[in-house]
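Below is one structure, written out as structure tokens; comments come after it.
What follows draws every value from the coordinates through simple rules; no lab data is involved. On a predicted model such as this, the values are computed, not experimentally measured, just so you know. Quick reminder, even Gly has a Cβ in these numbers, built from the backbone with ideal geometry, and neighbours come from all protein chains shown.
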Amino acid sequence: MRGAVTVAEWIARFLAARGPARVFGLQGGHIQPIWDRLAATGIPIVDVRHEAAAVHMAAAHALLTGEVGVALVTSGPGVTNCVTSVANADLERAPVLVIGGCPPARQDHRGPLQGTPHAEILRPITRRSRTLRIADQVVRELHEAVTIAQGAGNLPGPVYVEIPTDVLRTVIADAAVLPEFLLHRSPPRTLADPAAIDAAATCVRAAQRPLVISGRGAACARDALMAFLDASGAAYLDTQESRGLVPAEHAAYVGAVRAAAMRDADLVVTVGRKLDYQLGYGSPAAFPGARFVRIAAHAGEMGDNRPGEVAILGDVAAALTMLSQALQGDARDRDRTWQRALHEKHVERSARFVRALAGTPAGNDGRMHPNRIFAALRDVLRDDAIGIADGGDILSFARLGLSTSTYLDAGAFGCLGVGVPFANAAALAFPSRQVVAVCGDGAFGLHAMEIDTAARHRCKAVFVVANNAAWNIERVDQERNYAGRVTGTTLADSDYAAMARAFDLHAERITDPASLQGAFERAFAHAPALVDVVVTRDTLSSDLEKGLSIVPDHQPLTAWDNAERERLHVDPAR
Ligand SMILES: Cc1ncc(C[n+]2csc(CCOP(=O)(O)OP(=O)(O)O)c2C)c(N)n1
Ligand SMILES: [Mg+2]
């Protein structure tokens with residue numbers, strides 16, 4: 001056949017045209033036809049040590065760059081190893097395309113090598129999960145898969161497609177592939193209803209204490225969001241998924257007085273944010289006096305738990321700009337007393353926190369407090385550094401102490417293990433920026449082998465292991481709430497620096513806080529590098545103190561749970 005190549009070659013052409021910077025994966029015979037063509041086309045393949053890490057890397061790449069992340073994994077265990085990281089990408093709304101292997105059609109349902117119903121396994125945690133059996137349609141289906149992963153009016157997230165190996169080897173005519181499928185890079189946008197914008201402007205004008213809360217869906221709307229904060233005079237809170245979008249110095253920013261802002265707001269405007277457990281499900285238990293306005297590009301960040309009195313559905317940046325314009329005439333007269341008072345308290349409290357960080361006393365065991373890590377990092381990190389946090393107690397401390405303006409963590413899924421793969425992907429995407437992942441020793445262990453990927457691919461990240469020889473947040477919970485019965489939550493006092501040296505990383509083990517700054521400076525100079533920091537178990541993190549680890553019935557935090565019980569007249573004993 002003239003003008004004809006294999007489906008595998010077309011997949012490589014599709015990816016080359018749509019431009020993912022690199023593909024993350026782990027090879028296997030079922031996907032070798034694609035693997036070979038990708039390599040021949042010159043698309044870099046980052047080969048990892050566990051498929052879950054490939055999807056974590058693709059997700060981090062997507063969240064940090066705005067591009068679709070691509071992972072390539074083989075049939076059977078290659079795909080099932082990805083279940084956790086696909087579920088994490090689902091909750092993170094990360095646009096990821098996972099391409100899996102699949103046994104040839106003639107062996108289907110006959111007990112083939114590496115056969116299991118992948119597409120069914122992944123269906124509930126993907127936007128779409130399909131086996132592509134028709135060779136002529138594969139490129140069209142890939143185009144559709146990428147469009148769906150990017151959202152296009154719906155929630156962005158992971159899409160899974162698998163192509164049986166015989167289909168990959170099938171030769172198809174060039175004429176079967178329309179060139180348009182290779183070229184459409186950006187998903188279509190929807191524009192908000194002007195009537196909803198007017199109704200929202202009325203709510204903002206009527207509010208005395210308006211509060212804006214941003215989420216993942218605001219990521220593409222930074223400038224419009226700041227302009228809206230100026231026009232509305234609202235106070236502003238980010239969340240784990242939107243950290244750094246608006247700088248902490250901005251006049252609206254009130255992150256250090258979060259509880260007071262939520263308690264006192266009379267209007268909450270969510271921007272691209274679900275009202276999930278981190279926001280008390282939008283319940284009056286967490287927001288006792290607020291009306292709600294919801295702004296999002298899709299229903300998934302708009303209709304959950306507490307629909308707004310006004311709901312604005314459409315491109316978030318455009319909607320915020322329209323809303324700012326509607327408020328423009330009277331913006332100067334807006335009462336900013338509440339915003340100013342909260343921001344002043346925020347500034348005062350953050351300054352006090354930063355001053356205290358370096359002086360946080362050691363535990364009763366004489367080992368340093370994890371806060372010393374963040375105090376030392378502040379002296380080493382540049383403004384554009386990328387910070388990643390993973391673990392239990394250490395994540396709770398990092399949320400306050402890790403000061404980077406770009407930030408990712410274990411997220412709403414509480415997905416321990418993201419730290420090393422996220423940092424590797426960040427370092428590859430932004431080779432000139434510092435990348436640091438601060439991981440608990442427990443969380444680090446889940447994908448510790450990915451330091452080998454870092455070494456082989458020169459991912460210039462610094463991995464900091466906060467080593468307390470424990471799954472500590474759980475250990476302290478057992479100690480305090482289960483009458484001291486500590487079971488299965490302690491680890492060995494292992495030397496993770498020695499482990500890293502075995503993989504040819506620069507590595508140091510630090511026990512004295514005075515040595516931290518120097519160690520971090522050397523680590524960034526010789527990255528990839530690992531700094532194993534021996535820290536105390538004798539801590540009480542705010543997540544533990546607020547009750548997150550005891551998992552209350554109604555709400556994630558004890559105070560909200562109590563308020564919810566009171567509100568619903570539920571017996572406190574039940
Ligand atoms: C994959 C996974 N397994 C288990 C848990 C439950 N869990 C949450 S925090 C935590 C302890 C984490 O220990 P470490 O990473 O060492 O951090 P530390 O609390 O010691 O600072 C555990 C086991 C989880 N969230 N995710
Ligand atoms: Mg630990």
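Place a point 7 Å from Cα of A251 in the direction of its Cβ. Which residues in region 343-361 have their backbone N less than 19 Å from it?
343-348, by backbone N distance to the label point.
What longest range of the chain stays clear of loop-exposed chymotrypsin sites (Phe, Trp or Tyr not before Pro) (DSSP non-H/G/I/E/B, at most 15 other C-beta within 10 angstrom)?
In short, 1-412.
In terms of the Cα gyration tensor, with a ≥ b ≥ c the square roots of its eigenvalues, is region 464-525 rounded because a/c is under 1.5, prolate because a/b exceeds b/c, or oblate?
prolate
Run lengths n ≥ 4 of DSSP H only: what is the helix-derived mean residue ellipticity at 222 nm for the chain, with -39500 (n - 2.57) per run over all residues, to the nearest 500?
Taken over the chain, the calculation gives -11000 deg cm²/dmol.
Using modelled amide H (1.01 Å from N, peptide plane; none on Pro or chain starts), what sits under 5 Å from the amide H of L267, excluding residues fewer than 5 places away?
Excluding prolines and chain starts, which carry no amide H, the hits are R209, L211, R291.
A358 to R133: extension gain in nm, 0.36 nm per residue of separation minus the Cα-Cα distance?
75.1 nm
With a ≥ b ≥ c taken as the square roots of the eigenvalues of the C-alpha gyration tensor of region 344-493, please select rounded if a/c is under 1.5 and otherwise prolate if a/b is larger than b/c or oblate if it is not?
oblate
Would you mind checking region 451-491 for residues with the amide N under 17 Å from a putative spin-label position 7 Å along Cα→C-beta of I550?
473-486
What is the magnitude of the charge dipole of region 106-218 about its Cα centre, with +1 placed on the Cβ of each Lys and Arg, -1 on the Cβ of each Asp and Glu, and no other charges, expressed in debye to the nearest 20?
400 debye
Output ³J(HN,Hα) for region 448-453: one whole-Hz value per residue in order, computed from phi by the Karplus curve 6.51 cos²θ - 1.76 cosθ + 1.60 with θ = phi - 60°, and x for Gly and Pro.
Computed from phi, the couplings for region 448-453 are 4, 4, 6, 5, 5, 4 Hz.
Are there trypsin sites (Lys or Arg not before Pro) in region 485-541 that DSSP puts in a loop and that have at most 10 other Cβ atoms within 10 Å, and which ones?
Here the trypsin sites (Lys or Arg not before Pro) that fit, given the DSSP loop and packing criteria, are R485.
Along the positive direction of the dipole of region 150-263 (beta-carbon charges: Lys, Arg +1; Asp, Glu -1; about the Cα centre), which of A199, I213, A260 reaches farthest?
Toward the positive end, the furthest listed residue is A260.
Going by a ≥ b ≥ c, the root eigenvalues of the Cα gyration tensor, does region 399-487 fall in the rounded group (a/c under 1.5), the prolate group (a/b larger than b/c) or the oblate group?
prolate
Enumerate the amide H contacts of T406 below 5 Å, restricted to partners 5 or more residues apart or on another chain; note that Pro and chain-start residues carry no placed amide H.
G387
Looking at the chain, which longest stretch skips every one of the GluC sites (Glu not before Pro) that is in a DSSP loop with at most 14 other Cβ atoms within 10 Å, leaving the sites themselves out?
Longest run free of exposed loop sites: 310-574.
Please report the antiparallel percentage of the DSSP beta bridges confined to the chain, to the nearest 5.
Percent antiparallel among DSSP bridges in the chain is about 5.
Going through region 2-51, which trypsin sites (Lys or Arg not before Pro) have at most 14 other Cβ atoms within 10 Å and a DSSP loop state?
Passing both the DSSP loop test and the Cβ count: R2.
At what distance in angstrom do the alpha carbon centres of region 103-141 and region 217-232 lie from each other?
Region 103-141 and region 217-232 have Cα centres separated by 41 Å.
Calculate one ³J(HN,Hα) per residue across region 326-338 by plugging θ = phi - 60° into the Karplus curve 6.51 cos²θ - 1.76 cosθ + 1.60, and present them in order as whole Hz with x for glycine and proline.
Whole-Hz 3J(HN,Hα) from phi for region 326-338: 5, 8, 4, x, 10, 4, 5, 7, 4, 7, 10, 4, 5.
Name the trypsin sites (Lys or Arg not before Pro) in region 177-232 that are in a loop by DSSP and that have at most 15 other C-beta atoms within 10 Å, would you?
The qualifying sites are R185, R189.
Farthest toward the dipole's positive end in the chain, which of P307, G19, F422, given Cβ charges of +1 (Lys, Arg) and -1 (Asp, Glu) about the Cα centre?
The Cα lying farthest towards the positive end belongs to G19.
So who's got an amide H within less than 5 Å of the one on A507, skipping anything under 5 residues away but keeping other chains? H placed 1.01 Å off N, in plane.
The list, which skips near neighbours in sequence, is L530.
Output wanted: per-residue J couplings in Hz (rounded whole) for region 7-14, from phi through Karplus 6.51 cos²θ - 1.76 cosθ + 1.60, θ = phi - 60°, x for Gly and Pro.
Each residue of region 7-14 in turn: 4, 4, 5, 5, 5, 5, 5, 4 Hz.
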